[in-house]
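Notes for the one structure printed next.
The values are calculated or read from the model by the stated rules, or taken from the named source; none is laboratory data. What you are looking at is a predicted structure, and each value in this text was computed from that prediction instead of being measured. Note that each Cβ is placed from the backbone with ideal geometry, even for glycine, and that neighbours are counted across all protein chains shown.
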Amino acid sequence: MRWMWQYCTVLGSLLVVLGCGNERDPAQDDPTMDSEEQRAQVTDVALHQTPEALSEAGLVDITALPRGSEWREFRHSSGGRSYGYICDDRPVGFWHYTHSNGRVAMRGKYLYGGLQHGPWETFWENGRSRARGSYVRGRHDGEWQFWHENGRRAAVGRYSNGQRMGQWRSWWSSGRRQSHGRYIDNQRTGRWVFWDRDGNPISFTHSHPGTDFPEVMNPPVILPDGRIRLDDD
């Protein structure tokens, strides 16, 4: 029996070291990516195309809507659609917006007066997530995440009362880092680092809260073709 106990002890130690089934996602070892974004899965988002469907899904409590609210549907010149409730000529409650191909483009709730409030999501035409976060009375608030059309992360950071605050990170569509730094009241502050498309650091800037004047240099503008344009170009 002693040999059996020793065998189980060794086996247990190996499982702790290797992990059960050795199924660790390699994306977890890359600080610029996470497994969800790296897999870039397209999620089919349910379309609730009638007031009854919205109510059954628990997205709208019709009895809680302002008096006089009416269901409306709109078709747009782009081929997309939008639908939800209207009160005093402004959206209220949960609304869906679609692309011309029928996939969801944007969805979320409005307060009376047309103010976005609570969780909101936007999607690329291919069905992948484009942005996800929350509003408080029409202003961005809390953590927001953004993705490129290929499903890789584009940026992540926090808002407070509509202002970017704290640490923000951004990535190229290839998954390589693009920028990293801190905001105070929507202004860059402290040490910012920028990377080109090949992963080389291209700028370090130290700016002061509440001003647009960095100590070292202004942040570079990265053109769509990957070239860098500085303010003196």
Which listed residue is more than 15 Å from Leu47 (Cα to Cα), under 14 Å from the mean Cα position of the chain (by Cα) and without any contact (Cβ under 8 Å) to a residue 60 or more places away in the chain, from Ser69, Ser160, Ser134, Ser78: Ser134
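What are the residues in the stretch 151-175 that are in a loop (DSSP other than H, G, I, E, B) and farther than 20 Å from Val136 by Cβ, if any?
Initial filter on the stretch 151-175 (in a loop (DSSP other than H, G, I, E, B)): 151-152, 161-162, 172-175.
Within the stretch 151-175, Gly151, Arg152, Trp172, Ser173, Ser174, Gly175 meet the criteria.
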Can you spot a residue in the stretch 128-137 that is surrounded by fewer than 18 Cβ atoms within 10 Å (Cβ to Cβ), part of a loop (DSSP other than H, G, I, E, B) and in the same structural domain as Ala154 (by TED's automatic domain parsing)? yes
Of all residues in the stretch 138-150, which are in contact with a Leu (Cβ under 9 Å, 6 or more places away or on another chain) and outside any loop (DSSP other than H, G, I, E, B)? Arg139
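Rundown of residues vs (1) within 26 Å of Tyr159 (Cα to Cα); (2) assigned by TED's automatic domain parsing to the domain that holds Arg176; (3) among the hydrophobic types (A, V, I, L, M, F, W, C), yes/no style:
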site	(1), (2), (3)
Val42	no, no, yes
Ala64	no, no, yes
Glu73	no, no, no
Cys87	no, no, yes
Arg103	no, no, no
Thr122	yes, no, no
Test for Gln178: is it assigned to a strand (DSSP E or B) and within 29 Å of Ser203 (Cα to Cα): yes
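Does Gly199 count as part of a loop (DSSP other than H, G, I, E, B) and surrounded by fewer than 19 Cβ atoms within 10 Å (Cβ to Cβ)?
Details: part of a loop (DSSP other than H, G, I, E, B): yes; surrounded by fewer than 19 Cβ atoms within 10 Å (Cβ to Cβ): yes.
Yes; evaluated as a whole, the condition is true for this residue.
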